[in-house]
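Bear in mind these aren't lab numbers, they're just calculated from the coordinates by the rules spelled out. Since this is a predicted model, take the numbers as computed values, not measurements. Because the Cβ atoms are built from the backbone with ideal geometry, glycine has one as well, and the counts that use them run over all protein chains shown.
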Amino acid sequence: MASVSVFANISQAPEDPILGVTVAYNKDSSPHKLNLGVGAYRTEEGKPLVLDVVRRAEKLLVSDISLKKEYLPITGLADFNKSSAKLILGSDSPAIQENRVATVQCLSGTGSLRVGAEFLKKHYNQHTIYIPSPTWGNHPKIFMMAGLSVKTYRYYDPATRGLDFEGLQQDLSAATSGSIVLLHACAHNPTGVDPTLDQWEHIRKLMRSKGLLPFFDSAYQGFASGSLDADAQSVRMFVADGGECLAAQSYAKNMGLYGERIGALSIVLTSADVARKVESQLKLVIRPMYSSPPIHGASIVATILNDREMYHDWTVELKAMADRIISMRKQLYDAMCAKGTPGDWSHIIKQIGMFTFTGLNPEQVAFMTSEYHVYMTSDGRISMAGLSSSKVTHLSDAMHAAVTRV
Ligand code: PLA
């Protein structure tokens, strides 16, 4: 047999810019190492967390012998879909009451975005999607792989470390009417900068006046403010005007179900008739991709969302995670102030959600990794959810050294 592979000329692909940080972290043998790369919640002890309410739901599921491992329908678990739409749109949403929402269970947030993008490519007359600059690194790839053409709109102003609201409005005003616009529902990744409600209202009016189609990515509902309702306000404003939109939901962060890969895509439409047809077409997108979604994560989520007491207990645990992140911001900010590190660090406490967009450059990040074993993405983003009180000094030492020496 020939020993030369038919793939002999294949090139080595680079690691993923976010998940590759964990790969590098795992190879580091230093006891001081700190992984602030991927947005994964850690406890004060630095450990991954399985929510108590998730454990309880799983126990119920395991002991219920009436449950089978049959295939789910192509669209997923019906109870899960119904509750997911309610969670993002509000339980009193007229769109739900009027059956104008098509919801399908998908593989977490990423899968929901991809299914939505494939659907748009096939059935929408515009194939350009505007994504914020910067945005989550996987966004452009997801949309390009689905065959959409990706453009950016200005979002973040490095000078103010805040929203470039002027630039955003100019770019959306100049977009071809009917284009798709990706919006982070809350806790913008990587910047931690969200529009105010007043700014959202301006964005909504502008987009509706131009017939731009909103595609919300909701990966952090409950993580920005600690309140599920407050974090869904942007989406609900767009639904309240009776117009159409898409929303991709993830339960990775807010229920800590990362590896269960559980999420949902909801498409809000103007009539029940269109919603039925859209759902029938979503099935044709899903069936050849992965046939039908996995059952376990959906069962956990549906169990929690459909039980009053468990739902309440979830909101308490979610708020505790959000509060711990907010407290980490305060502790890091105080540590930077105490050190007198040059620069204004108030963005650490002003930004919201899982990440702080520090403003550190790639050289400074590389220095922090090589000298201090602090791992983070090269754009200077740190996952506040990966920090704990005992590591704040180490991180602020590293940041101080990077700012003053690199
Ligand atoms: N959308 C945004 C804005 C995200 O930040 C992430 C995850 C997702 C969607 C997808 O999450 P899911 O498919 O796991 O539900 N972003 C992480 C992880 C937390 C990642 O890159 O995959 C991040 O560190 O940015």
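Brief remarks follow.
- Against the chain, whose longest principal axis is taken from its Cα atoms, helix 272-290 shows a tilt of about 60°.
- Counting every other Cβ atom within 10 Å of each residue's Cβ, K151, K47 order from fewest to most as K47, K151.
- For the chain, the Cβ-based charge dipole about the Cα centre amounts to some 640 debye (Lys, Arg positive; Asp, Glu negative; other atoms uncharged).
- Signed unit charges on C-beta, dipole axis of the chain, positive-most listed residue T341, I326, L107: L107
- Fewest-first ordering of T356, T176 by other beta carbons within 10 Å of each residue's beta carbon gives T176, T356.
- Calculated FRET value between E15 and N361, using beta carbons and R₀ = 25 Å, to 0.05: 0.80
- Dipole magnitude for region 71-306: about 700 debye, using +1 per Lys or Arg Cβ and -1 per Asp or Glu Cβ, origin at the Cα centre.
- Label-to-label distance for T176 and D198 is 3.5 nm, based on points extended 7 Å past Cα in the beta-carbon direction.
- Reachable lysines, given that their alpha-carbon falls under 29 Å from the alpha-carbon of K391 and they are not under 8 places away in the same chain: K27, K33, K47, K253, K319, K330, K339, K350
- Helix 197-209 and the longest principal axis of the Cα set of the chain meet at an angle near 50°.
- For the chain, the 222 nm mean residue ellipticity estimated from helices alone, with every DSSP H stretch of n ≥ 4 adding -39500 (n - 2.57) and the total spread over all residues, rounds to -14000 deg cm²/dmol.
- The chain: relative contact order in percent, alpha carbon pairs under 8 Å with at least 6 residues between: 25
- Cα centroid separation - region 263-327 against region 333-406, whole Å: 34
- For C106, C186, C245, order by how many other beta-carbon atoms lie within 10 Å, fewest first: C245, C186, C106
- Separation of the S271 and D307 label points, Cα + 7 Å toward Cβ, nm: 4.2
- Taking the C-alpha atoms only, the angle from helix 362-372 to the longest principal axis of the chain is near 60 degrees.
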